Amino acid sequence: MQATARVLATNGYAGTNTNLIAETAGVSVGSLYQYFPNKNALIAALHQRHDNQMLDVIDNVLNSNPAATLQERVAAIVQAMLHAHLLEPALHRVLEREFPLFDTPREHSLADQDIHRRMRHLLELHRAEIAQQDRDLATYVVLRIMESLVHAAALEPPAGFSPGQLEQAVVDAVMGYLATPGGAAPRKKASAPKTGKAAAPAKKATRRKTTA
């Protein structure tokens, strides 16, 4: 796997082949083919390794410090995810940009399903701390926020911001979403005060006295 990661990070998807991977790993191509039929299978295994890392991250957070708040656990997950991506940014850049069409669809990926279940369990444990009532939808949105912003922070970090600032921004985005009641009706705008002058009340007619 490490040889595949190095070759892919250096040469990109188009420049990667099984001969180069075998040479980098110091094994024969025949030995490589005993386990992986082509380079796509090797890269799919890298995806699987990444997903397993994310599973381990969530499991570690769930199993440590039972008194932790939701924000503390979200912060721990985001920190670990960002750290993992910053270790091999070139590899993650290739995996995200050049290889997505070969990835297993989320609904068919056992790893993605496991990640969804663990995150949903986390939200269920902290249901008193969140305003979102639909846990499945909240799980989907939280995972997408984390995935998108962590990838952006690791692969395309904006100038002038530290990893710690970017990490906190991701946590704020997740917690801001979870604190917003789902399906809340928009507030009605207050009606603008009338600027025209009120009409003066009509004067009562007075009866004229007549002289005999």
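Is it the case that the stretch 96-109 has a residue that's at pLDDT 75 or above and β-branched (Val, Ile, Thr)?
As a first pass, look at the stretch 96-109 and keep what is at pLDDT 75 or above: none.
The answer is no; no qualifying residue exists.
Listed by first and then second residue, the pairs with beta-carbon distance under 8 Å, at least 6 apart or on different chains, first residue in the stretch 150-172 and farther than 24 Å from ARG73 by Cβ and touching a residue at least 60 places away in the same chain (Cβ under 8 Å), second assigned to a helix (DSSP H, G or I) and among the acidic types (Asp, Glu), are LEU155/GLU96.
Could you grab me the full set of residues in the stretch 1-32 that are within 31 Å of the chain's Cα centre (by Cα) and either more than 17 Å from LEU95 (Cβ to Cβ) or part of a loop (DSSP other than H, G, I, E, B) (or both)? Steps first, answer last, please.
Start the filter on the stretch 1-32 by keeping residues that are within 31 Å of the chain's Cα centre (by Cα), which leaves 1-16.
Within the stretch 1-32, MET1, GLY12, TYR13, ALA14, GLY15, THR16 meet the criteria.
Within the stretch 59-85, being modelled with pLDDT under 90, in contact with a Lys or Arg (Cβ under 9 Å, 6 or more places away or on another chain) and assigned to a helix (DSSP H, G or I) holds for one residue alone: LEU62.
Whenever a residue of the stretch 56-69 is at positive phi, its partners that are surrounded by 12 or more Cβ atoms within 10 Å (Cβ to Cβ), lying with C-beta atoms within less than 9 angstrom and at least six residues away or across chains, give the pairs ASN65/GLU72; ASN65/ARG73; ASN65/ALA76.
The values are calculated or read from the model by the stated rules, or taken from the named source; none is laboratory data. Because the structure is a prediction, the values reported are computed rather than measured. With ideal geometry, Cβ positions are generated from the backbone for all residues, glycine too; neighbour counts draw on all protein chains shown.
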